[in-house]
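Working notes for the structure below.
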Amino acid sequence: MDKVKIGLIAIIAVLVIVSIILTGNVANLNMQLGAEKAKTSQLNNQIAGSNTTVNDLQAQLASATARAAEQSNLANSLQASVSNLQNSLSAANAELEKIKTAYADIESKLKEQIPVISAPQPAAVKQIVPVK
């Protein structure tokens with residue numbers, strides 16, 4: 001029985017030592033796990049901050065795109081207005097040329113039909129100097 005008691009005590013002692021070692025390993029692993037959780041939390045916070053920044057940039061990009069589209073539409077509208085004004089100016093210039101030609105024709109016909117009458121010259125007018 002003494003051998004059984006000694007064997008049992010030895011087994012219990014070995015189990016206690018193994019349990020102490022395993023407890024130490026578990027505590028060490030728990031500390032490492034806690035450190036990893038802290039790192040993961042920091043990384044999650046950084047990702048959340050980055051996501052917020054990305055969302056802000058997307059909103060700014062959408063706003064800038066909308067403004068660019070508005071400005072493009074305005075530029076197209078202005079270009080169409082300039083084209084219309086150029087067309088109107090060309091039409092007005094063509095009409096002016098027709099009027100000039102018609103005026104010249106009428107003037108030449110009038111010169112042919114009416115003899116040149118020398119108009120009397122106006123009498124000399126004295127200049128009136130205002131009193132100061």
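The values are calculated or read from the model by the stated rules, or taken from the named source; none is laboratory data. Small disclaimer: the values here were computed from a predicted structure and weren't measured. Quick reminder, even Gly has a Cβ in these numbers, built from the backbone with ideal geometry, and neighbours come from all protein chains shown.
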- Query: Are any of the residues in the stretch 102-110 in a helix (DSSP H, G or I), acidic (D, E), surrounded by 10 or more Cβ atoms within 10 Å (Cβ to Cβ) and modelled with pLDDT of 95 or more?
  - Reply: no
- Note on the structure: Scanning the stretch 1-25 for residues that are part of a helix (DSSP H, G or I) and surrounded by fewer than 10 Cβ atoms within 10 Å (Cβ to Cβ) gives D2, K3, V4, K5
